[in-house]
Amino acid sequence: MKTYQDTYPSEPLLRASDLVRPKAAALLNLEFFEAKPALMEPEVYAQHHVLLNLKERPYRAENWRDGEHRDFMLKPNDIIVTPAGVKTGWRWHEQSKVIVVTLDPERLETFAKSEVGILLTEQQLQDLPQFEDADIIAAAIMLLDALKLGGAGSDVMFESLARVFLIKLIQKYGDERSSDAEFSRAYTADQHRRVLDLLADWFGDDIGF
């Protein structure tokens, strides 16, 4: 089964796996694009795919998902989540400005169970063709900014922010097994808020490693 990276019509401006150590990049792969109008033919992929739109004004896009075609306007802060195994294709009609996050299903399952205390269904993420979430967008932008900063401590910062992004994504859009509602949460909402506050205070500082 193909990966999304196999079919990109252009190279990303930034790719996490090229810039951070394997341990940090193993949580998720983030890529940043400002790509010219192009077409990605429908394919079935082995990864989950989260597209986060950063462009400040709406522009026309098309998306094919398991035979259904949508011709729509991609708006600021729009996000599109495509679970692994869904046949999907894209056409965008203006230069894009997007973050693309790809997730390995096996690693996501392990992360959700061990660090969030959630047992996911086989689908894992909800199939959401288009929705707006400024909070998730902000978390992705912090990840992108960590890549751009580089230097000492960037790996530590990226890994920490990747965990925050995944926790937010799973808690809001993870497809949780309904029979496991009593499963113990290893990572509480209060702990999550404290991590976010700490990262906000430290972000951009010299970590000192």
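Taking the number of other C-beta atoms within 10 Å as the exposure measure, put 92, 64 in order starting with the fewest.
On the way: 92 23, 64 17.
Fewest-to-most Cβ neighbours within 10 Å comes out as 64, 92.
In order along the stretch 4-10, the Karplus-derived 3J(HN,Hα) couplings, from 6.51 cos²θ - 1.76 cosθ + 1.60 at θ = phi - 60°, round to 4, 5, 5, 10, 4, x, 8 Hz, and Gly and Pro are given as x. Under the criterion of Cα pairs below 8 Å and six or more residues apart, the relative contact order for the stretch 4-202 equals 23 percent. When the square roots of the Cα gyration tensor eigenvalues are ordered a ≥ b ≥ c, the ratio a/c for the stretch 4-202 is 1.5 or more and a/b does not exceed b/c, which makes its shape oblate.
Holding the Cα-Cα limit at 29 Å, pick out from 23/172; 36/172; 23/97 the pairs that are longer than that. Can you show the working numbers first?
Details: 23/172 25 Å; 36/172 32 Å; 23/97 27 Å.
Over 29 Å Cα-Cα: 36/172.
Which FRET efficiency, nearest 0.05, do residue 178 and residue 11 yield, Cβ-Cβ r, R0 35 Å? Between residue 178 and residue 11 the formula returns 0.25.
The GluC sites (Glu not before Pro) found in the stretch 17-64 that occupy coil by DSSP, while having at most 16 further C-beta atoms within 10 Å, are 34, 56.
Readers should treat all values here as calculations from the given coordinates under stated rules, not as data from a laboratory. Remember, it's a predicted structure, so these values are computed and weren't measured experimentally. Cβ coordinates were reconstructed from backbone atoms using ideal geometry, including for glycine residues, and neighbour counts include every protein chain displayed.
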